[in-house]
1. When the accessible area of the chain is split by element with a 1.4 Å probe, what percent falls to carbon and sulfur?
2. Under a 5 Å amide H to amide H cut-off, with H placed in plane at 1.01 Å, what residues pair with residue 307 once short-range neighbours are removed?
3. Please give the solvent-accessible surface of residue 134 in Å², to the nearest 10, using a probe radius of 1.4 Å with every protein chain present.
4. Once both axes come from the Cα atoms, what is the angle between helix 370-381 and the longest principal axis of the chain, in degrees from 0 to 90, rounded to 10?
5. Sort the following peptides by mean Cβ neighbour count (other Cβ atoms within 10 Å, averaged over residues), highest first: 151-160, 73-82.
6. Measuring with a 1.4 Å probe in the full set of protein chains, what accessible area per residue, in whole Å², belongs to the stretch 43-97?
7. Find the eigenvalues of the gyration tensor of the Cα atoms of the stretch 248-357, then list the square roots of 5 times those eigenvalues as equivalent ellipsoid semi-axes, largest first, in whole angstrom.
8. By how many degrees, 0 to 90 and rounded to 10, does the Cα axis of helix 314-333 deviate from the longest principal axis of the chain?
Amino acid sequence: MVGRIRGLKRGWHERSKIEKVEFQSVTMWHAMPWLFYVSWGSLPLGVSVRQQTLPLILGSALVAVAAVQCLHVNRTLRRSIDHYLKRAEAPRRDLAVSTGLMIVVLGLVLALLAVDGVEEGMLTFATMFAVMPYGESLAFAVPIRTFLIRFAVIDVVMVAASAAVGIHDGRLAGTAVVIAFGAVISLLSSRCGAWTLSVMWEADRAREVEARLAVAEERLRFGRDLHDVMGRNLAVIALKSELAVQLARRGRPEAVDQMVEVQRIAQESQREVREVVRGYREIDLAVELAGAQGVLEAAGIDCRVSGSPAGLPVPVQSALGWVVREATTNVLRHGDAGRCDIALAVTGVRTTLVVENDGVPEVAPGGAGSGLAGLRERLAVVGGVLDFASCGGRFRLSAEVPLPGSSGEAPLAVRQPERVEVSR
């Protein structure tokens, strides 16, 4: 049992923020019909129905069918929401069943009105509830204009039916008002939350597309740089090779000079390609710190960055830049952080980078994930070490890198952290 609870907690914390919002919204939509069923349906009817055979039968039937309405909405709610979020087709069969159940409930309300089976005024609550489950399903499935037209028709038909069973006083206007009120409540409680979810998912997809475009743009830039570096050199190599072939066929000694030149240009091209690739692999730590702060704050996480990487050697900046990238990814993916502090300190012999965030779930102890293991390997190349620990819902990641040429500094060996309470 404890293991299952931990598994549920772990599964919850592994969800993205938008997935958590959607889960909470769906849970609320599942609970809403039952709340109205108790407060507007079964309870008022149970205390006000007249203790006579026919009213008791009609009242019991109304309560039972109303419960079926709630069950049906819960069973079909996921399909209706998926349709609104453009993940599935419209649930037409579900709407037809929901419509039929609403007609039955409204018919029982009219029957109780006809036999005067409920104390005056108490059927108002049952009438409001009767349209709620149907309105919730309809709000996700059709445009707002269609929703309003359908409920206007329901309102007119219900008022006409009430008049047909002998209701000719102010209760007709009351019936029209309560049906309209129930429709508005179901529309606002369902459609507003669904619209928010839709906007959030659209923003998430837009960020994903933006990331893909950024990758594509970087690939194009890399291709252009390679073309600029290699295009001219390869053209020269091709021409000089062809010239060397022609000279060699004629027995001219200048062919050797041309091939020596081809070799020189090829070696120069190799060097230029390595410089291009190295420029893409090396990371500017200042850019990474600014990017991490921007990404975290865009995700609603308060981020504070202190310290400056100015003057740090390129290998040190590159290694610590990878630490910033991985730490930022962990903060976004794991837990539910509200604040993250990134501190960079440079002393005479070493540079220390500390990333600390809150919102860490309390889960079973474990080892380092593959991302942190990869950071250890990168830091080991420059003699650095990586420590991390979790305590009291906070996660602290620390990286230390010695500065090249520091007196008395031997390369630091990779060591395991003294205390690890959470795997990242």
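The values are calculated or read from the model by the stated rules, or taken from the named source; none is laboratory data. Computed from a prediction, not measured in an experiment: that's the story for all the values here. As a convention, Cβ positions derive from the backbone with ideal geometry for all residues, glycine included, and neighbour counts pool all protein chains shown. To get the accessible areas, we keep the full protein, side chains included, count just its heavy atoms, and leave off ligands, DNA and RNA. Shrake-Rupley method; radii C 1.70, N 1.55, O 1.52, S 1.80 Å.
1. Roughly 60 percent, rounded to a whole number.
2. 344
3. Looks like 10 Å² after rounding.
4. Roughly 20 degrees between the two axes.
5. Going from most to least packed, we get 73-82, 151-160.
6. Each residue of the stretch 43-97 exposes 56 Å² on average to a 1.4 Å probe.
7. After diagonalising the Cα gyration tensor, the semi-axes are 49, 16, 9 Å.
8. Relative to the chain, helix 314-333 is tipped by roughly 10 degrees.
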